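Written out below as structure tokens is the structure these notes cover.
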Amino acid sequence: MRNAPSVILPVGRSLWGRAAAAVPVAASGLALVAWAIAMPRPWSSAALAQAFMLALTWIVAAVVAWRHAARAPTGVLRWEGRGRDRAREAAAEGESTGWTWWADGSECGEVPVRPAVMIDLQQLLVVRLEPVEAGQAGRRACAWLWLTPEDDPARWWALRRGLYAFERRMHAAHASPAAEGP
């Protein structure tokens, strides 16, 4: 097959994303408890103040991690499955990349994005989606997706092929002609 097939993938909140937030919080909580148990008794006022500040810091970190996991993006990721020549032309002209993201609850509909695979563990992909166009106030808010075959097992391999085909095409489109051999 020359071109990666088009694919539409519904994306939900990933157990891996929640675990990535929960494991460090749980480990640091256990370390805090171990430190408190190991402290000699009776505690001095300095040790109590230190324990209070560490516990408060841990609580804030736990709340931030929980909120981050609860706000993980959900929606639909779509790849048009463009051919190699059309993808190069689109990249050269600054057009859509062929990838779009429609976030659940979004009022602006499908947004053209540039995906980048940040972590690939075969059964887990961490993908950063960067909007092609700047949003309000000129910002480009990236979305991070934790993708697993459980999202849609029938489309998992098509998604992987599309992501890597897109990366190859983007690298080829941005390669300078002088860098290429004769």
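Bear in mind that the values in this text are calculations on the coordinates, not laboratory data. Bear in mind the structure is a predicted one, so any value in this text is a computation, not a measurement. Every residue, glycine as well, gets a Cβ built from its backbone with ideal geometry; the counts of neighbours run over all protein chains shown.
A few points about this structure:
- Phi angles of the stretch 36-42 translate, via the Karplus equation with coefficients 6.51, -1.76, 1.60 and θ = phi - 60°, into HN-Hα couplings of 5, 5, 6, 5, x, 9, x Hz per residue; Gly and Pro are given as x.
- Amide H within-cut-off set for VAL113, under 5 Å, with H built and near neighbours excluded: THR97, TRP99, THR100, TRP101, VAL132
- Amide H contacts of VAL11 (H built 1.01 Å from N, under 5 Å, at least 5 apart or other chain): GLY75, VAL76, LEU77
- Taking label points 7 Å from Cα along the Cα-to-Cβ direction, THR57 and ALA20 give a separation of 2.4 nm.
- The stretch 15-70 - Debye-derived log10 I(q)/I(0), Cα point model, q = 0.21, 0.30 Å⁻¹: -0.77, -1.16
- Contour minus Cα-Cα distance for ALA34 and VAL64 (0.36 nm per residue): 8.5 nm
- Cα→Cβ-extended label distance, 7 Å offset, between GLU133 and ALA49, nm: 5.5
- Annotation note: chymotrypsin sites (Phe, Trp or Tyr not before Pro) in the stretch 10-77 located in DSSP loop regions with a Cβ neighbour count of at most 14 within 10 Å are TRP43.
- ³J(HN,Hα), Karplus 6.51/-1.76/1.60, whole Hz, each residue of the stretch 57-62, x for Gly, Pro: 4, 5, 4, 4, 4, 5
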